[in-house]
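Notes for the one structure printed next.
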Amino acid sequence: MPSFRVFAAIAALSCAAFSLAAPTKAISESVKLQVSGQANVTIKTRGSGVTSIPDILTRVVGDVQPIVSQLNYITSANNTHSIVNPLLTDVQTTLNQAISDVKALNSTAVNGATNTVTGAWNTADLAGLVAQVLHLVLTTLGKVLSTLSIAEYNLIFPLLAQVGSILGNLLSLIIAIVGPKDLVPALLPLIQDLLPIIQNLGLGANGYASIGASVN
């Protein structure tokens, strides 16, 4: 069960941090607080009932946030496959479900696809929500990448690239539904700082080409 893997990885992360020297003790305590504060966190699968792209993305943010908040405590000393892999797997699960939900909207008119129960989202607001998801995931991947050791690189880097690629597929699907002429110009200014991360993960040809940015 995804939530069980999250807790197991969090516990391992807490132990790894606690075993380090004094500067890491504060991180260990913070991780324990995170665990305590997220005792009831679960990752819910989606499917029927999804009616809009904003709905899908909002749920992605809610499901991914507690996972990446743990990854943000990764350091070079505890960045190991046994800790990182379960958390990245749960991020993948959430993103793959979002892709399935977006595909279900492929035959929906743009106005319907971008509509919420409170009214239609304009392009700027939708671009802001897409950018929020991209920042949430990619900045975390960049953080983990920056603390990779030589010993763990071959084990963890492919996992990071895979999550980034799945996120890129989600992005390209959303752009296909909303329309690149509408969404891309509003989105690009919001994600300029993410382009180096996309580049470092080798993701230029994996969905991100849809934003028209040169990241190869």
Over its Cα atoms, what ratio of radius of gyration to 2.2 N^0.38 Å does region 50-97 give? 1.33
Subtracting the Cα-Cα distance of Gln132 and Leu188 from 0.36 nm times their residue separation yields 18.9 nm
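Just subtract the alpha-carbon distance of Ser76 and Ser100 from 0.36 nm times their residue separation and send over the number in nm, one decimal.
Working: separation 24, 0.36 × 24 = 8.64 nm, distance 3.47 nm.
Gain in length upon complete extension: 5.2 nm.
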Can you compute 3J(HN,Hα) from phi for each residue in region 179-194, using the Karplus curve 6.51 cos²θ - 1.76 cosθ + 1.60 with θ = phi - 60°, rounded to whole Hz and x for Gly and Pro? x, x, 5, 8, 7, 4, x, 7, 7, 3, x, 8, 10, 4, 6, 8
Using the Karplus equation 6.51 cos²θ - 1.76 cosθ + 1.60 (θ = phi - 60°), what ³J(HN,Hα) coupling, rounded to whole Hz, does each residue of region 166-178 give in order, writing x for Gly and Pro? 4, 4, x, 5, 4, 4, 5, 5, 5, 5, 5, 6, 6
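A short reminder: the numbers here are calculations on the coordinates, not readings from a lab. Predicted model, so just to flag it, every value in this text is computed and none were measured.
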